[in-house]
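*Asks:* Please read through the structure below; I'll follow up with questions.
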Amino acid sequence: MKKTLLCAIFLGLSLSSYAGGYVCTSLSFFDDSTVINVYQKTSNGYLDKERGEMFNVRENEHLLSMSYNTLNEDYGAGVLGVVINKSEMKFVKSQTFFLKPYDPPTVYSSDYRTGECVYVD
């Protein structure tokens with residue numbers, strides 16, 4: 001995990017497209033691999049670079065809370081949430097969803113991952 005965080009720091013510092021945001025690492029929701037999560041600050045808030053989605057944001061000097069919702073009438077709905085502790089540079093990323101696949105059973109799930117972040121100017 002430390003090597004991955006170090007890699008994220010160098011990656012974040014060397015690429016100007018990540019300027020003004022957070023680069024965080026965590027385990028994937030799908031397997032045991034490590035994921036680099038990039039949350040880029042924009043004039044409208046924060047952009048999840050992985051998904052290309054703008055977050056709903058609440059922020060103070062210690063914490064950053066971000067979320068976005070998805071809804072597809074035929075398939076399901078979900079909420080992705082991220083909370084970054086700016087003081088400790090730790091974060092938690094959670095997903096909660098309802099999927100109505102074409103073949104039953106319907107899926108309800110909630111899961112989370114934790115990790116570490118660096119701030120990139």
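Laboratory data are not the source of any read-out in this text; all were calculated from the coordinates shown. In this text the structure is predicted, and so the values were computed from the model without any measurement. Neighbour counts are summed over all protein chains in view; Cβ atoms, including those assigned to glycine, are modelled from backbone coordinates with ideal geometry.
*Asks:* Within region 26-121, count lysine pairs with alpha carbon atoms under 23 angstrom apart where the residues are 8 or more positions apart or belong to different chains.
*Replies:* So the count works out to 7.
*Asks:* Another question, if that's okay. ³J(HN,Hα) across region 34-41 via Karplus (A = 6.51, B = -1.76, C = 1.60, θ = phi - 60°), whole Hz, x for Gly/Pro?
*Replies:* Going residue by residue, I get 8, 10, 9, 9, 10, 10, 8, 6 Hz, with x marking Gly and Pro.
*Asks:* In nm, to one decimal, how far is the Tyr108 label point from the Asn44 one, both placed 7 Å along Cα→Cβ?
*Replies:* Taking the two extended label points, one gets 3.3 nm.
*Asks:* In what sequence do Ile84, Ile36 fall when counting other Cβ within 10 Å, fewest first?
*Replies:* Ascending Cβ contact count within 10 Å gives the list Ile36, Ile84.
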